[in-house]
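As structure tokens, the structure follows; a few thoughts come after it.
Just so it is clear, none of the values below were taken in a lab; they were calculated from the coordinates. Owing to the predicted nature of the structure, the values given are computational and were not obtained by experimental measurement. No Cβ is skipped: glycine too gets one built from the backbone with ideal geometry, and neighbour counts run over all protein chains shown.
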Amino acid sequence: MAGVDRMLHCKRNVPGQSKSAKQTLTMVLKGFRTSIIMWLFYTLIPCLLTDGGEALPAPQNLSVHSANMKHLLMWSPVVLPRETVYYSVEYQGEYESLYTSHIWIPSKWCSPIEDAECDVSDDITATVPYNLRVRAILGSQTSAWSILEQPFNRNSTILTPPGMEVSRNGFHLVIELEDLGPQFEFLVVYWRRELDTKEHAKVLRRGGIPVHLETMEPGAPYCVKAQAQVKAIGRNSAFSQAECVEVQGEALPLVLALFAFVGFMLILVVVPLSIWKMGQLLQYSCCPMVVLPDTLATTQYGEPLCCPMRAKPRR
């Protein structure tokens, strides 16, 4: 009887166990379904955002080439077949990097651009470290930011000797310097190329215009060299190669002799002629020659008529 009771008790518990198993199975299926949905979400959504392709690669190999205060940020281009990739450049000055590191400022001329380089000269306005970064743009896609490894400071720019053109205008020594921008001024040194000749110096505030340096003496060569200076960074370039010009010494005596001869001939011809002409004018203005009738040439007493005007009697 005890065994029968146990069997009946087990039979009565079977429906409860089945219900628990069904609940467990339902929970497992729900968890599996949730996992499938989350997997599809995290897998398909990025593909939809990237038009079914891979993520847009970020630009690589960032570097700054700086010469004569012209700062050019360069990078390796992102190449995609039959696609035009654009780029956006941003920077941080010293203040932003120290106190507001989350703030980046778009570059004035490079947001966005198609070339794989950006002139950031107008963005870098202080002699402090600057952080620079760039990313690629293709339609609605954007790549991750690529940041310049070492901050850039404009005091590391390379200063080259300025280009110059030395000429003479008559007897004037003239120089025209390359225009390197408003931050530059130039130290110009010139001298007469002889032994123990003193050098003269002049500071020019800008380039691109002819400037008179000195009046030259005939037959002596004059030499000029120049140096670029940037006060904002406290640095100077090397001096340029000296250039020399010369006024031929024979030209001046020949010209002076020609002018002297012409002037002497003019004096010989013009001065006597002028004196004679002035005498004639004075004579005719004071006592003009007039022809009087015979009845007026003498008085009734036979005496000649006295008159301040000279009279020429008729014959």
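So what is Rg over Rh here for the range 60-156, counting just Cα atoms and using Kirkwood for Rh? It would help to have the intermediate numbers written out before the result.
Numbers: Rg = 13.3 Å, Rh = 13.7 Å.
With Rh from the inverse mean 1/r over Cα pairs, Rg/Rh is 0.97.
Modelled spin labels at Gln248 and Leu72, positioned 7 Å past Cα toward Cβ, are 4.4 nm from each other.
Counted by Cβ distance under 10 Å from Ile105, the other residues give a net charge of -2, where Lys and Arg count +1 and Asp and Glu count -1.
Placing dummy labels 7 Å off each Cα toward the beta-carbon, the span from Ser274 to Glu83 is 9.1 nm. Length available on full extension from Gln150 to Ala126: 0.36 nm per residue minus the Cα-Cα distance, which gives 7.0 nm. Temperature 4 °C, viscosity 1.567 mPa s: under these conditions the Stokes-Einstein estimate for the range 82-237, based on its Kirkwood radius over C-alpha pairs, is 68 µm² per second.
With R₀ fixed at 30 Å, the C-beta to C-beta distance from Lys231 to Tyr99 puts the FRET efficiency at about 0.60. The order of the peptides 220-231, 178-189 by mean Cβ neighbours within 10 Å, most packed first, is 220-231, 178-189.
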